[in-house]
Amino acid sequence: MCEGWLDNAFTFTAQYGRTMAKESDTQNANALRPIDLPAPVLQPTLSLYEAVANRRTIREINETPLPLAQLSNLLWVAYGVNRASGPFGAPGRTAASASNSQEIDLYVALHDGAYLYDAEPHRLNPVSPDDVRSGAMNQRQGVPSKAPVQLIYVVDLHRLTHTIGYEEPGLHDPEVQKSYYFVDTGLIAGNVYLFAAASGLACWFHNCEKAALAKSLALRPDQRVLFAQSVGQNSPSRMLEA
């Protein structure tokens, strides 16, 4: 009888502990607040030609956090809203997309958690209180990164199949979809590279741990992690460059 009571007590304690852990996780997630980004400063530091001449991949990145104003400028250049009315009546973005479907979501991994960039209000919406930056690196690459900002590119296939633009058959073809969302990701990544070159920052577009990130970001089945991009200050050594 005593053993049965102890078993019940241990079971209750374990269940109670799991419940409290879940409540703690929820509280931590709720503690992460949206970040209203300051308005981007549209003042060039270099000419377009100088930025193109300086564009390069630098894998040695300092872990010093970027100032909020610089992060704001980076996200706006990458994929912000640059006109109220673009193709098919939707807001225009700094990077083009198939039928203006805007199917790429830009997740931003910082030391205090992961956020989703909301371009119209120019805001970071909280997604996870966890530091998922290590998942934004592909461990098989063998190059650790302490970059303060990891941009994670995620495609939302629902926006392609339910486009706000021209309804073409290719938007429902998985192979054609790939050609669209890979190109659209590249356009955003190219903007990030040019911003980094113009701002004297290091930048690296790379693969990532897709399955782990999909779980960490609580993605739907019709969302897929594609790539990641590290951004931060140049490390003094600058040994790995391409």
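A few remarks follow.
- Reduced Cα scattering model of segment 121-218, Debye log10 I(q)/I(0), q = 0.24 Å⁻¹: -1.35
- Remark: segment 69-84, residue by residue, has Karplus-estimated 3J(HN,Hα) of 4, 6, 4, 4, 4, 4, 5, 5, 4, 4, 7, x, 8, 10, 7, 5 Hz, where x stands for each Gly or Pro and the curve is 6.51 cos²θ - 1.76 cosθ + 1.60 at θ = phi - 60°.
- Computed over the alpha-carbon pairs of segment 46-161, the distance histogram in 10 Å steps reads 12, 37, 35, 15, 1 percent, short to long.
- Sequence ranges 182-194, 70-82, ranked by mean other-Cβ count within 10 angstrom, highest first: 70-82, 182-194
- Fewest-first sequence of SER199, SER97, SER179 by Cβ atoms within 10 Å of each Cβ: SER179, SER199, SER97
- Likely footprinting exposure, VAL41, VAL149, fewest C-beta neighbours within 10 Å first: VAL41, VAL149
- Here the Karplus relation 6.51 cos²θ - 1.76 cosθ + 1.60, evaluated at θ = phi - 60°, turns the backbone of segment 169-185 into coupling constants of x, x, 5, 9, 9, x, 6, 5, 3, 4, 4, 6, 6, 5, 5, 5, 5 Hz, with x for every Gly and Pro.
Throughout, read-outs are computed from the coordinates displayed, never taken from laboratory work. The model shown is predicted, which means the values in this text are computed figures rather than measured ones. Heads up, the Cβs are rebuilt from the backbone with ideal geometry, glycines too, and the neighbour counts pull from every protein chain shown.
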